[in-house]
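Right, one structure below, let's go through it.
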Amino acid sequence: MERFKQHKVFNSVYSIGRYLTMICGLMLTTLTFAQVTSSIDTTQIRIGEELRYTIEVLADTTDLIVFPEGQTFLPLEVIESYKVDTTYEQATYRLIKKYGLTQFDSGRYSLPQQRVMINEKAHLTDSTIIEVKDVVVDTTTQKMFEIKPAIEVKDPPFDLLKLLYWVLPILLILGALVYLLFRRKKRKEAEEKQLPPFEEAIVALKKLDSSDLLKQNKSKEYYSHLTEIVKRYLDREVDDAALESTSDELIARLQLHKDAGHFDFDMETIRHLDQILKRADLVKFAKMQQEAGQAEADRNTIEEIITETHEVIPEPSEEELLQNLEYLRAQKIRKRNRRIAMGAISGVFALLVVGGILTATYGWSYVKDTVIGHPTKELLEGRWVRSEYGVPAVLIETPKVLVRTPMNVPEEGQQITISNELFQYGSLTDSFFIVVNVATYTEGVELNFDVISEGILSMLEQQGASNMIVKKETFSTEEGVDGEKLYGEFDFSATGNTGKSKKMEYELLLFRKGHSLQVVAIYYKKEDSYAAQVKERVVNSVEIEVSESKK
């Protein structure tokens, strides 16, 4: 019985072991089954020529596979992404994905590794070096045409509508500003010319006498002016609510002032004023026509009321005069602040309009860089300097004078170097960086452009450059100086700086004549359009000294 139990336990353990072994085998098979390979039909193409890049995947029929798409092939461009070709082989299938790639600039490019996702696991392909060559043009068979003479082009016709489109808003703004200033000036002059209350009322009555309202039987207009004169006088001298009050309200307020002892009004004066105001209300609202004699009598009564009121009004005390003085001073300060505020608002509005016009004409970047300032824009528009650097000299025009910089040449380099001079402006961390290096070597030293350029690029990588794109062109000047141009872009992050890197563009000019080597290097931010213009001007100004007679 005991032996039977041991045999049963052994069989169970043996079954579990076989099961675990089978699962591990299946997992290992699943993990190692998928295969990803890549191939390319050629590693050398001409500019614009298509090359075929193929990715082949051998996987299980249940696997989920995602091929790379988009800009993953940079610096090469995708012309066309072809459909996936699928073939089945028992429980597996083979997927073939092809891409048409090209490049429109000559140089050596690295086709980066491509990521193929299989069941959310990444499989990387191999990277490949692609060489893009220039298209050779045979100038011996191609017919060359003569240079055509310059043709004088007539000036375009004057566009009046376009001129009005910009000038009309400016004229409207100036007109509005002139109107506001003129209106404010007239109002200020009117305030300065305002007479005292009593004199103002007497002048207004004499002006009413000179009118022809009574002769024209316009009683309503006559009484309207008459009551306004007396109410305005009372408003300025007795009660500041007289103009807004009705006839009954005004009489009641005058009675309150008399009872309170503010003014020593005669009851007969208040009664006469009450009669005239009620008669005026009948003329104005009931359209009752009043005889000329009665109107003139009411006018004389109003003058007497104004005169009597002026006589009973007490002279202001010294305290009241001081209060009035403070009030006038506060009013003056308030008006001045209002005037300053209006001027500031008008100025800001004018600046916004002018800024809007300039932005629409030249663009926001130009306006911002002009107002706020831009370092490379200032270099471009500043005063340039043309100088000679080194022996044999490099003649170059730069926005700033290049400064001689000491060089740490190793002992091995000193043995083969006759002279080595370095001049520069700025650094890689600045917006614009120019370097001029002039060196003369001993006889027997081979000046190989490839070796020199590799050394320069290696030095850039040591200083923080990465993801470099290198393009090369060889040339020869009219004076017989061999040259090579290297240009492209890279990501730069200063050594020890963990911050975000910046995109930089560069252009290197290498000149070789005998045992002399001249290098002109320019580095600047990629998105800086002003820096690109500075670079073009500097490069176009470079000249190399080739003989002693020219020194």
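All of the numbers you see were taken from the coordinates with simple rules; none came from a lab. Everything numeric in this text was worked out from a predicted model, so none of it was measured. Cβ placement follows ideal geometry from the backbone for every residue including glycine, while neighbour counts extend to all protein chains displayed.
Descriptive notes on the structure:
- Relative contact order, percent, segment 34-133 [alpha-carbon distance under 8 Å, six or more residues apart]: 34
- Taking N as its residue count, the alpha carbon Rg of segment 375-550 over 2.2 N^0.38 Å: 1.03
- Within the shell of other residues whose beta carbon sits under 12 angstrom from the beta carbon of H123, the net charge comes to -2, with Lys and Arg scored +1 and Asp and Glu -1.
- Once Rg and the Kirkwood radius are both taken over the C-alpha atoms of segment 34-133, their ratio Rg/Rh works out to 1.01.
- Stretched out straight at 0.36 nm per residue, the stretch from N408 to E268 would grow longer than its current Cα-Cα span by 39.1 nm.
- Note on V203 and E311: the model spin-label points, each 7 Å out from Cα along the C-beta direction, lie 2.4 nm apart.
- Simple Cβ-charge dipole of segment 34-133, Lys/Arg +1 and Asp/Glu -1, about Cα centre, in debye nearest 20: 120
- Here's the picture: charge each Lys and Arg Cβ at +1 and each Asp and Glu Cβ at -1 in segment 197-308, and of V283, L234, Q255 the one pushed furthest to the positive end of that dipole is V283.
- Applying a threshold of 31 Å to the alpha-carbon distances of K97/K526; K258/K278; K400/K526; K472/K525; K258/K335 flags K97/K526; K258/K335 as lying beyond it.
- Total charge dipole magnitude, segment 375-550, about the Cα centre, Cβ charges on Lys, Arg, Asp, Glu only, Debye to nearest 20: 700
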